[in-house]
Amino acid sequence: MYSYLVLQDPGHNKVYFEQSKQLALAELTLTCEKFTEQCSDVAILHIAGIRYLSFKSNAELEAKSLELLSQMSFAFALYEQKDSNGREVLIPISKSFVPNVDPKISSILKYPGKTNELFTRMMINIARLTGKPSKGTPRLFDPIAGRGTTLYEGMIYGFDVIGMEIKPQPVQEATQFLKKYFETEKIKHRFDKYKLKGKSKNPTVQKLEFVYAKDKQLFKNPVNQKKVSFIESNSALANEYFKSNLFDFIVGDLPYGIAHNNASKSINNSRNPYTFLKDSLDSWLDVLKPGGTIVLAWNSFLLDMENMRELMESHGYHTLKGGAFDQFEHMVDRSIKRNVVVAIKK
């Protein structure tokens, strides 16, 4: 048997790091299921006062498995654990994931109510691990984009990303941030504005889009270009502006009904996740590809997991249950108990 350790990223704040143990275990469990090797004994392990996540495999990890391990949201450093003459030895393993943009992009923009970037990265990675592989560049949709943390995390993985946000100020701040970021990092880019006409009588909306590549040479070939876009509109109308079966992944952090509320101008003007989703799930299902994954975080004080899954099933989604999928609930503060639901389009 081979033994491996993952040193967990400190997570930028102590509260999230302490709450994230079970989340990291769940993500590692789902990751190990994708290895060609057989894994076992996924657990928390403390060595000299330092917390690691550990697992064993029946063979040395191949390159593809190491890449999957490196792509986990919390993976800060990787080690193989060996016994050498009765002494425990940790042998560093190079991470094999090469991000499309600097992972620090998500931590630059600060604002109240911002979701921890590593939590957002975890949701995207869960979508990747459970979704049907896509041909070409995967497309990620955040229907409650805010100032774009989910989109920036999708950029790290090299996805084409698009977000809908009903409030104008977050969209303006996000586009200003991206423009400055591309210029500062000397990333070749182009900024475009498009008018999108609704299929019914819904008003025309504006799509703000950056097309970018790492350098000028890569930018010359459209194959190398990536896209990040914002639309200021109600995401319950997503299928009015997007083609059916367009997105590989839908990832979003629903309003918690506490301080920030992306749904305040939704069809029902409600902060309640049940009412908001009841208005939106059919539209989101339409724009999600068959076999595509939707991953949503929400405040389970307002809606428990059983009712969340029942709601999604009633709108045509197949929710994933048991094992790691039941291990995401955790306290954020006294008024927010956050959970994550994962579902696929049948």
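The values are calculated or read from the model by the stated rules, or taken from the named source; none is laboratory data. A quick note: this is a predicted structure, and the numbers were derived from the prediction, not measured. Every residue, glycine among them, receives a Cβ derived from its backbone with ideal geometry; neighbour counts consider all protein chains shown.
For segment 214-243: of the residues being farther than 18 Å from Gln176 by Cα and hydrophobic (A, V, I, L, M, F, W, C), which is surrounded by the fewest Cβ atoms within 10 Å (Cβ to Cβ)?
Result: Val223.
Within segment 291-307, does at least one residue satisfy the condition of being buried (at least 18 other Cβ atoms within 10 Å of the Cβ) and part of a helix (DSSP H, G or I)?
Narrowing segment 291-307 to residues buried (at least 18 other Cβ atoms within 10 Å of the Cβ): 292-300, 302-303, 305.
Right, trim to part of a helix (DSSP H, G or I) and you get 305.
So far as segment 291-307 goes, yes, one or more of its residues are buried (at least 18 other Cβ atoms within 10 Å of the Cβ) and part of a helix (DSSP H, G or I).
Within the set of pairs 6 or more residues apart or between chains, which connect a residue that is touching a residue at least 60 places away in the same chain (Cβ under 8 Å) inside segment 180-199 to a residue that is among the basic types (Lys, Arg) with Cβ atoms less than 9 Å apart?
Ile187/Lys214
Can you find a residue in segment 158-181 that is assigned to a loop (DSSP other than H, G, I, E, B) and within 12 Å of the chain's Cα centre (by Cα)?
Taking every residue of segment 158-181 in turn, at least one turns out to be assigned to a loop (DSSP other than H, G, I, E, B) and within 12 Å of the chain's Cα centre (by Cα).
Among the β-branched types (Val, Ile, Thr) and within 26 Å of Ser280 (Cβ to Cβ): which single residue out of Val171, Val211 fits that description?
Val171
Name the pairs whose Cβ atoms lie under 6 Å apart, with the first residue in segment 24-38 and within 15 Å of Asp9 (Cα to Cα), the second part of a loop (DSSP other than H, G, I, E, B), and 6 or more positions between them or separate chains?
Ala24/Phe74; Glu27/Met72
Within segment 103-130, how many residues are in a helix (DSSP H, G or I) and either touching a His at 6+ places or on another chain (Cβ under 9 Å) or of a type in the set (A, V, I, L, M) (or both)?
Just the residues of segment 103-130 that are in a helix (DSSP H, G or I), to begin with: 105-108, 117-130.
Narrowing the set further to residues that are either touching a His at 6+ places or on another chain (Cβ under 9 Å) or of a type in the set (A, V, I, L, M) (or both) leaves 105, 107-108, 117-118, 122-124, 126-127, 129.
Of the residues in that region, 11 qualify.
Please work out if Gln176 is within 17 Å of Thr150 (Cα to Cα) and without any contact (Cβ under 8 Å) to a residue 24 or more places away in the chain.
yes
Taking only segment 133-166 into account, find how many residues are basic (Lys, Arg) and modelled with pLDDT under 95. Quick ask: steps written out before the conclusion?
Kept after step one, since they are basic (Lys, Arg), are these residues of segment 133-166: 135, 139, 147.
Keeping just the survivors that are modelled with pLDDT under 95 gives 135.
Count: 1.
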